[in-house]
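Participant: Before we start, here is the structure in question, set down as structure tokens.
The values are calculated or read from the model by the stated rules, or taken from the named source; none is laboratory data. Predicted, not measured: the structure shown is a model, and the values here were computed from it. Cβ placement follows ideal geometry from the backbone for every residue including glycine, while neighbour counts extend to all protein chains displayed. Please note that ligands, DNA and RNA were not included when accessible areas were found on the heavy atoms of the full protein model with its side chains. Shrake-Rupley method; radii C 1.70, N 1.55, O 1.52, S 1.80 Å.
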Number of protein chains: 2
Amino acid sequence: MALTIGQVAAQCGVGVETIRFYEREGLIAQPSRPESGFRKYPPDAVRWVRFIQRAKALGFSLREIKELLSLRVDSAKTCDAVKGRAEAKITDIEKKIGHLQEMKRALVKLTVACRGKRPTSDCPILEALGEGD
Amino acid sequence: MALTIGQVAAQCGVGVETIRFYEREGLIAQPSRPESGFRKYPPDAVRWVRFIQRAKALGFSLREIKELLSLRVDSAKTCDAVKGRAEAKITDIEKKIGHLQEMKRALVKLTVACRGKRPTSDCPILEALGEGD
DNA sequence: ATGCACCCCGTACCATACTACGGTGTCAAC
DNA sequence: GTTGACACCGTAGTATGGTACGGGGTGCAT
């Protein structure tokens with residue numbers, strides 16, 4: 001049931017070096033290393049790496065992802081601090097969702113304008129994006 | 001009403017060099033250049049740069065942002081192609097929104113677990129993230 | 001007409017996040 | 001028991017997205 005680094009990499013669609021890199025950077029835990037020195041990963045390792053990939057695609061830096069993942073580690077210890085950081089991340093995520101919805105609305109508007117007559121604005125994408133922060 | 005590069009930069013919270021960089025990379029249009037050679041920007045330039053910043057924070061690469069912005073340029077010409085690309089971007093954005101909502105749900109769950117007794121899983125963040133693509 | 005802030009350009013440098021390389025060791029199959 | 005695929009490590013190189021620097025020119029305020 002344990003996986004080699006190559007198997008984890010293949011299942012995540014990344015290179016072996018990427019996994020080692022994440023380990024060096026402290027994004028994923030050190031796996032067990034029986035005699036030979038070969039890393040042995042639990043199946044969950046695949047989910048961790050996929051989570052990292054996904055979070056990256058959503059605009060989080062590795063530093064932020066590390067913070068996200070670390071929310072679990074000390075949860076037994078400093079519950080209030082963890083809760084605070086989690087809530088900050090939630091706010092951050094809600095902002096991102098809002099911005100994406102604006103972008104989506106703008107693009108939908110664009111396709112609609114496309115369907116009918118020519119768009120009236122010379123930039124439908126920007127047009128639908130307010131100045132909101 | 002026209003702005004200097006420094007004014008645009010200040011209003012967007014970026015450096016002058018960043019604007020010139022975006023121009024070199026074709027993300028923003030060449031502004032007019034009266035006699036002196038100084039760039040003169042229309043007020044809208046601020047919105048363009050802000051759009052770029054926002055899109056970056058949402059995980060789009062400059063290449064993708066360029067594509068997003070270019071959807072406006074040829075809209076009069078190749079309407080069908082534009083519509084197709086816009087629809088692809090919409091799908092992409094919907095996926096991002098979905099992933100962010102999953103992350104948010106996971107974090108909310110974490111804060112709730114925090115409030116009451118200890119979390120049951122040893123990783124509440126991952127726990128709420130399915131294997132969905 | 002002389003500052004001084006701001007603009008020009010090109011080039012070089014930086015941080016982030018990998019990716020490749022080279023030399024060596026391991027393991028499993030034949 | 002040897003061969004081939006895969007693992008180990010450290011170091012170096014790459015792509016992206018800026019950021020800084022140096023040596024100049026401009027423009028307006030005093």
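Participant: Please report, for the Cα atoms of the range A:1-61, the Rg to one decimal and the Dmax as a whole number; what are they, in angstrom?
Facilitator: Both quantities, over Cα of the range A:1-61: 11.4, 39 Å.
Participant: Of the heavy-atom accessible surface of the range B:1-103 (probe 1.4 angstrom), what whole percent is carbon and sulfur?
Facilitator: 53
Participant: Highest mean first, what order results for A:5-11, B:51-57 on Cβ atoms within 10 Å?
Facilitator: Answer by packing, highest mean first, reads B:51-57, A:5-11.
Participant: Enter the buried accessible area of the B/A pair, total of both sides, probe 1.4 Å, in Å² rounded to the nearest 100.
Facilitator: Using a 1.4 Å probe, the pair buries roughly 4800 Å².
Participant: In addition: With respect to the cross-link table entries B:Lys66/B:Lys89; B:Lys66/B:Lys96; A:Lys89/B:Lys83, which display a Cα-Cα separation exceeding 23 Å?
Facilitator: Long pairs (Cα-Cα over 23 Å): A:Lys89/B:Lys83.
Participant: Nearest beta-carbon of A to the rotation axis carrying it onto B: which residue, how many whole Å?
Facilitator: Residue and rounded Å distance to the axis: A:Gly59, 2.
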